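Encoded as structure tokens, here's the structure I'll be asking about.
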Amino acid sequence: MKPDTRVVDPNDCVDYLYEYAPEYAKAKGELAELEAYKNSLKAIKMKQSSEQSLGAQEREAYASQEYQDLCKAIGAATYKTEMWKYRLESAKLRFEAWRTQEASNRNLERLTK
């Protein structure tokens, strides 16, 4: 993989982190809400079932369209959360790379004086 040779403005990295951290937090909250609702929905669907055995009720709950839709929503929320997580991590890494490069430049200046 070719290294990224773009010039990094550390202020841009910090601004990006500050600006988009709420998006990550929102996505993380939505994912947590969906995960918590998953058990409730299963219980609701089991209660609505006309089956007598717990196994049959559970099977019907898992097979319901609402449960399947919820699972898809959890997948989409997980994608969104992970996307924001790695975008923010990328900004942090760019900032750290800039810091390392600046330290190397200072050392090089000291050695060449």
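Those residues that are farther than 30 Å from PRO22 by Cα, polar (S, T, N, Q) and without any contact (Cβ under 8 Å) to a residue 12 or more places away in the chain, I need them from segment 58-84; list them, please.
GLN65
While we're here: Within segment 72-84, is even one residue of a type in the set (Asp, Glu), surrounded by fewer than 17 Cβ atoms within 10 Å (Cβ to Cβ) and either farther than 30 Å from ASP12 by Cβ or in contact with a Phe, Trp or Tyr (Cβ under 9 Å, 6 or more places away or on another chain) (or both)?
no
Please go through segment 29-59 and give me each residue that is surrounded by fewer than 14 Cβ atoms within 10 Å (Cβ to Cβ) and of a type in the set (Ser, Thr, Tyr), ordered by number.
Within segment 29-59, SER40, SER50, SER53 meet the criteria.
Computed from the coordinates by the stated procedures, all read-outs in this text should not be read as laboratory data. This one's a predicted model, so the numbers in the text were calculated from it and none came from an experiment. Ideal geometry is used to build each Cβ from the backbone, glycine not excepted, and the neighbour counts take in all protein chains shown.
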